[in-house]
Amino acid sequence: MKVPPEELKGDVRRVVAVIPARMGSSRFPGKPLAPLLGRPLIEHVVRRASMCEQLEAVYVATCDEEIRAAVERFGGEVVMTSAAHERASDRVAEAAESFEAEVVVMIQGDEPLVTPNMIAAAVAPLFADASVSCVNLARRIERREDYLDRNTIKVLMNLKGDAVYFSRAPVPGGAFACDGDDASPPVFKQVCVIPFRRDFLREFAHLPQTPLERAESIDMLRAIEHGRPVRLVEIEEETHAVDTPEDLRLVEALLKDDPLVRLYDGAGLPRGGRV
């Protein structure tokens, strides 16, 4: 259902997930509603995120009535946002003004392989270290085709565990690492589960867009270019974002035997987005 802003304002939550979604993807128009194992793609993301015990609520943030209607049909909750946003993080920041939370977790609507454990791993550094304001999951790139794919966002990590740079292009060391060269520095791909402390999300949304952010079309470069650290958390779980129709077919094959699909098959979504 669409939640009235005045009702959300009084709903104090500790950790809340927001899933940004829009119909106008340049690479895959209508992607959030693309059918995946008989459900819209966005439904898989909502149901899987809702299994995470660390989350008090899960909302979809969208500017599209088609998405709102689809999410309401399967029992999810929606916060309507402006159609003017260029970046997913800005849409999430607008939605987050509708409720109270200490941590807001942005989960991209094209990450249907997200798991509760991935979300729990992403939020853990925020409660373990007061200096951490933003976290991004990352997974080692093992295949050369992923390293060369512009839809795979590569990220370099410094010795402290913070992101050095995000890029759609190949980055130093990656080709050798993918060839099994143990001496080469690992190269990671961005996994779009990104928790923010609430205050930093507000600050981030008011920072001017930056040259590299615009050139690469990657939100997190705004933080790096403004000198704000982004802590990386490495995961081992297999993930694959859906950027193209071909990705959708690959993900469908990966999900056919996924145990989480069996858990949420036929389940309802009570108020707050939890299953």
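In the set LEU260, LEU248, only one residue is farther than 22 Å from ALA169 by Cβ, in a helix (DSSP H, G or I) and under 17 Å from the mean Cα position of the chain (by Cα); that residue is LEU248.
Taking each residue of region 83-96 that is under 13 Å from LEU207 (Cα atoms) and looking for partners that are outside any helix (DSSP H, G or I) and not aliphatic (A, V, I, L, M) with beta-carbon atoms closer than 6 Å, six or more apart or interchain, yields ARG87/ASP219; SER89/ASP219.
Only one entry of ALA163, ALA95, ALA84 meets the criterion of being within 20 Å of the chain's Cα centre (by Cα), closer than 30 Å to PRO35 by Cβ and modelled with pLDDT of 95 or more, and that entry is ALA95. You will find that of VAL16, VAL71, the residue that is surrounded by 24 or more Cβ atoms within 10 Å (Cβ to Cβ) and within 24 Å of CYS134 (Cβ to Cβ) is VAL16 and no other. When residues in region 227-241 are screened for being in contact with an Asp or Glu (Cβ under 9 Å, 6 or more places away or on another chain), at pLDDT 95 or above and either assigned to a loop (DSSP other than H, G, I, E, B) or farther than 29 Å from ALA128 by Cβ (or both), 3 of them pass.
Within region 125-140, the set of residues being within 22 Å of GLU213 (Cβ to Cβ) and either modelled with pLDDT under 95 or among the hydroxyl-bearing types (Ser, Thr, Tyr) (or both) comprises just one member, SER133.
Count of region 46-81 residues, restricted to those that are at pLDDT 95 or above and touching an Asp or Glu at 6+ places or on another chain (Cβ under 6 Å), is 2. Per the listing ALA95, ALA61, the residue uniquely crowded, with 23+ Cβ neighbours inside 10 Å, in contact with a Phe, Trp or Tyr (Cβ under 9 Å, 6 or more places away or on another chain) and hydrophobic (A, V, I, L, M, F, W, C) is ALA95.
Among residues of region 54-73 that are under 15 Å from ILE107 (Cβ atoms), those with a Cβ under 8 angstrom from a residue that is of a type in the set (Phe, Trp, Tyr) and outside any helix (DSSP H, G or I), sequence gap 6+ or separate chain, pair up as ALA57/PHE99; TYR59/PHE99. There is no residue in region 77-87 that is in a helix (DSSP H, G or I) and not charged (D, E, K, R).
All conditions but one from (1) modelled with pLDDT of 95 or more; (2) within 23 Å of PHE204 (Cα to Cα); (3) in contact with a strand residue (DSSP E or B) (Cβ under 6 Å, 6 or more places away or on another chain) apply to MET157; the one that does not is (1).
Determine whether region 45-54 contains at least one residue that is more than 26 Å from LEU212 (Cα to Cα) and in a strand (DSSP E or B). Step through it out loud before you land on a result.
In the first step, residues of region 45-54 are kept if they are more than 26 Å from LEU212 (Cα to Cα); the result is 45-54.
Going one step further and asking which of them are in a strand (DSSP E or B), we end up with none.
So far as region 45-54 goes, no, none of its residues is more than 26 Å from LEU212 (Cα to Cα) and in a strand (DSSP E or B).
The values are calculated or read from the model by the stated rules, or taken from the named source; none is laboratory data. A quick note: this is a predicted structure, and the numbers were derived from the prediction, not measured. When we count neighbours, we look across all protein chains shown, and the Cβ atoms used for this are built from the backbone with ideal geometry, even at glycine.
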